[in-house]
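Colleague: I'd like to ask some things about the structure below.
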Amino acid sequence: ILTSSCRNFSIIAHIDHGKSTLADRSLTGTIDKKGKGNQQFLDKLKVERDRGITDENLTPHSMIHTYNGQRYLLNLIDTPGHVDFSWEVSRSLAACQGALLLVDATQGVQAQSLSVFHVAKDRGLEIVPILNKIDLPAAQPNLIAAQMHSTFDITPDPDPILRISAKTGLGVEAVLKAIIERVPPPQILSEGKGERGGEGRFKGFLFDSSYDRYRGVISLVSVQSGVLRKGDKIQSHHTRKRYDVIDLGIMSPEEVSTESLREGQVGYVTCNMKESSEAHIGDTLHRVGELVDPMPGFKPSKAMVYAGVFPVDSNDFPKLEESIKRLTLTDRSVTISRESSTALGQGCRLGFLGTLHMDVFRQRLEDEYDASIIVTAPTVPYKVVYKDKKEKFVSNPTDFPDVLDSSGKVKEVQEPIVTASIIVPEEYLGEMMDLCFTHRATAMDHRYLDSSGRILLTAVLPLSEIVTDFFDKLKSRSSGFASFDYEDAGYQASNLVKMSFLLNSKPVDALALIVHRSAEQEVGRLWVKKLHKVIPRQLFEVPIQAAVGNKIVARETLSAVRADVTAGLYGGHYERKLKHLNNQKESKKKMKRIGNVDLPQEAFFDILSTK
Ligand code: GTP
């Protein structure tokens, strides 16, 4: 098959809008969702279902389709549906020339599709808009089509939106036709053409990889020029390491081994690559001795949400760390460093691409580690700007400058901000604006998407405001109708302070927070109340305080209890008394002592997991 007959495309769709059904219908028999390497994505799915975000990885798969007597090779390259994975989104879109934008005719456009659409549009992909599920009685194709016109800036004349039912197969033929006619074939680089008997030099773009225990790293490669064959010797442009190609082929959707991968094709390559860290996403592969210009790489993924992770029983740290390491073999976008806390002992500080990513990882970690973990309040990477223009990123409240002006060296602190998109029926607009406002939104704006009163509300918000319970509030205050997504919008100076919590006048490091000055009272009171509820009473009175610098902003007092464990036992039974006292001693061992206060590690679990 000639390169001019290849089409590489992806499907952008909100969860349940019919991506899998369409892929099933149009491309192959059945899609094996349980295929190897997919566990991570099935897990993601669990969290996403709750949150209404789609991120299923179908891996690329290919089919031959005959159209007008000519054979075409169609490659569907899957794209995660959420911008948390924006890096994965851009890397998979980088291997495509077109995208099917699939919208459920009963549900309408959801905010999550918007941001992925923007990425696709920015990359210059040909967008094929499709309305799905028109067979359903509840479908409102005209209304939703109008919504698509205005949301995605589609000129309605002539209307490019295809109306289909992926389930019944109605209109699916037209989708294949549109892929062939509207999506351009991959551009072939003519680099080095003529050498090797008319073939260009092999140049492969590594856009994804997975790991298999027996075969090592499996790389997904989009061939930009030339041909790759089994047995070829290739080299990574990035690491300069050399490999022998052991196997290669296309995904259909199972791996189908082929003799070669030619320019324009997308497929898998296995070689003697042992560690997934050797497969650099965005790397360029070439034949040994045949240098090529590297593909423009990607910005490496940047962690945007950090949290400390600790075992509930501090003796379990080695086991926890091992579980984390094992998981990061398949998810390299998580950054890890060790962290130790006087309150929680040894732990790890993990960096995630976003909150969804964090929730997914946490769930996987609890499964893998097979026990509860303590996760500290999430923080975002703040930027501390010094008067001498130096900058430092701080992602752990412990490292945050105490009171800004004390050293005189800090000019300002900046925090990451995002542009949020919320799509919601108009009756909830007031609630949503209020929600955004209480989360320090600026530059709020809204417009109607269609005549039924669906509204797109956009707002600029600090990322820190949406990493905790924003999403839950959004759902409950819109009776579940709002859909939400956000995109990175850079950094902005902000009046932030570090808040510490003191037990009996001693700070508990694991609980430190970074808050906006305007919220210090409210946050302080909230957390102090929480602590009051969770911390067991002691033999003496314990003040619980929230402090900013040396100013106390909130306080509760835990009253004393007389813990005479033997009080309930009537006289005489000396052995029994002794046994109880010993028991008490045992349980004391597991306690953390902060400011003379005995705190069971579980208390932290309760404090940090209650909202
Ligand atoms: P995930 O697989 O969960 O990521 O969602 P998806 O976007 O891939 O949607 P999927 O293909 O699983 O479809 C979701 C549901 O909608 C399934 O129950 C499908 O049977 C149904 N469905 C998909 N397309 C159509 C359609 O054209 N008409 C009708 N009536 N149902 C459809």
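Colleague: Hey, can you tell me all the residues within the range 481-494 that are more than 17 Å from the chain's Cα centre (by Cα), open to solvent by 40 Å² or more (accessible area, probe 1.4 Å) and either farther than 20 Å from E391 by Cα or not small (G, A, S) (or both)?
Modeller: Scanning the range 481-494 gives F481, Y491, Q492.
Colleague: Hey, another quick one. Of all residues in the range 467-504, which are polar (S, T, N, Q) and in a strand (DSSP E or B)?
Modeller: Once the filter is applied, which keeps residues that are polar (S, T, N, Q) and in a strand (DSSP E or B), the range 467-504 yields S483, Q492, S500.
Colleague: Next question, about the same structure. Tell me whether the range 400-411 contains one or more residues that are assigned to a loop (DSSP other than H, G, I, E, B), open to solvent by less than 40 Å² (accessible area, probe 1.4 Å), modelled with pLDDT under 90 and aromatic (F, W, Y).
Modeller: Among the residues of the range 400-411, at least one is assigned to a loop (DSSP other than H, G, I, E, B), open to solvent by less than 40 Å² (accessible area, probe 1.4 Å), modelled with pLDDT under 90 and aromatic (F, W, Y), which makes the answer yes.
Colleague: Test of understanding: among P160, P137, P141, which residue is modelled with pLDDT of 90 or more, open to solvent by 20 Å² or more (accessible area, probe 1.4 Å) and either among the hydrophobic types (A, V, I, L, M, F, W, C) or touching a Leu at 6+ places or on another chain (Cβ under 9 Å) (or both)?
Modeller: Just a single option satisfies the conditions, and that option is P141.
Colleague: Something else about it: Say we look at the range 538-548 and pick out the residues that are surrounded by 15 or more Cβ atoms within 10 Å (Cβ to Cβ) and at pLDDT below 90; which of these is farthest from E465 (Cα to Cα)?
Modeller: Residue satisfying both the conditions and the ranking: Q538.
Colleague: When you look at S421, is it among the polar types (S, T, N, Q), crowded, with 21+ Cβ neighbours inside 10 Å and closer than 30 Å to A145 by Cβ, yes or no?
Modeller: So S421 passes the test.
Colleague: Now, a different point. One residue is enough: does the range 130-144 have a residue meeting the conditions more than 14 Å from the ligand (Cβ to nearest atom), touching a helix residue (DSSP H, G or I) at 6+ places or on another chain (Cβ under 6 Å) and not aliphatic (A, V, I, L, M)?
Modeller: Looking through the range 130-144, none of the residues is more than 14 Å from the ligand (Cβ to nearest atom), touching a helix residue (DSSP H, G or I) at 6+ places or on another chain (Cβ under 6 Å) and not aliphatic (A, V, I, L, M).
Colleague: Would you be able to say whether some residue in the range 185-194 is at pLDDT below 90, among the aliphatic types (A, V, I, L, M), touching a helix residue (DSSP H, G or I) at 6+ places or on another chain (Cβ under 7 Å) and closer than 22 Å to E263 by Cα?
Modeller: Yes, there is a match, as at least one residue in the range 185-194 is at pLDDT below 90, among the aliphatic types (A, V, I, L, M), touching a helix residue (DSSP H, G or I) at 6+ places or on another chain (Cβ under 7 Å) and closer than 22 Å to E263 by Cα.
Colleague: Go through the range 356-389 and report how many residues are in a helix (DSSP H, G or I) and open to solvent by 10 Å² or more (accessible area, probe 1.4 Å).
Modeller: 8
Colleague: So, in the range 412-451, how many residues would count as being under 23 Å from S476 (Cβ atoms) and assigned to a loop (DSSP other than H, G, I, E, B)?
Modeller: Count: 4.
Colleague: Filter the range 509-522 down to the residues that are assigned to a helix (DSSP H, G or I) and open to solvent by 30 Å² or more (accessible area, probe 1.4 Å) and list them by number.
Modeller: Correct list: D509, R517, S518, Q521, E522.
Colleague: Filtering the range 163-181 down to residues that are surrounded by fewer than 16 Cβ atoms within 10 Å (Cβ to Cβ) and among the charged types (D, E, K, R), which residue is modelled with the lowest pLDDT?
Modeller: E173
Colleague: Looking only at the range 518-534, decide whether some residue is over 26 Å from P462 (Cα atoms) and among the aromatic types (F, W, Y).
Modeller: No.
Colleague: Taking the range 301-354 on its own, how many of its residues are open to solvent by 10 Å² or more (accessible area, probe 1.4 Å) and either farther than 29 Å from D488 by Cα or assigned to a helix (DSSP H, G or I) (or both)?
Modeller: Selection size over the range 301-354: 20.
Colleague: Continuing with this model, one more query. Exactly one condition in (1) open to solvent by less than 70 Å² (accessible area, probe 1.4 Å); (2) among the small types (G, A, S); (3) not in a helix (DSSP H, G or I) is false for S464; which is it?
Modeller: Against the list (1) open to solvent by less than 70 Å² (accessible area, probe 1.4 Å); (2) among the small types (G, A, S); (3) not in a helix (DSSP H, G or I), S464 comes up short only on (3).
Colleague: Kindly provide the set of residues from the range 236-258 that are surrounded by fewer than 19 Cβ atoms within 10 Å (Cβ to Cβ) and at pLDDT 90 or above, ordered by number.
Modeller: Selection gives K241, R242, D244, I246, D247.
Colleague: Still on this structure: State which residue is farthest from the chain's Cα centre (by Cα) when the search covers only the range 304-330 and only residues that are closer than 15 Å to E366 by Cβ and touching a residue at least 60 places away in the same chain (Cβ under 8 Å).
Modeller: Checking each candidate, the answer is D313.
Colleague: While we're on this one: (1) within 16 Å of the ligand (Cβ to nearest atom); (2) at pLDDT 85 or above; (3) open to solvent by 10 Å² or more (accessible area, probe 1.4 Å): which one isn't true of D50, the others all being true?
Modeller: (2)
Colleague: Moving on. Taking the stated definitions as given, is P397 closer than 17 Å to I514 by Cβ and modelled with pLDDT of 90 or more?
Modeller: Taking the combined requirement at face value, the residue does not satisfy it.
The values are calculated or read from the model by the stated rules, or taken from the named source; none is laboratory data. Remember, predicted model here, so these are calculated numbers, not experimental data. In this analysis, Cβ positions are derived from the backbone assuming ideal geometry, glycine residues included, and neighbour counts consider all displayed protein chains. Each accessible area value is taken on the protein alone, full model and side chains, heavy atoms only, with ligands, DNA and RNA left out. Shrake-Rupley method; radii C 1.70, N 1.55, O 1.52, S 1.80 Å.
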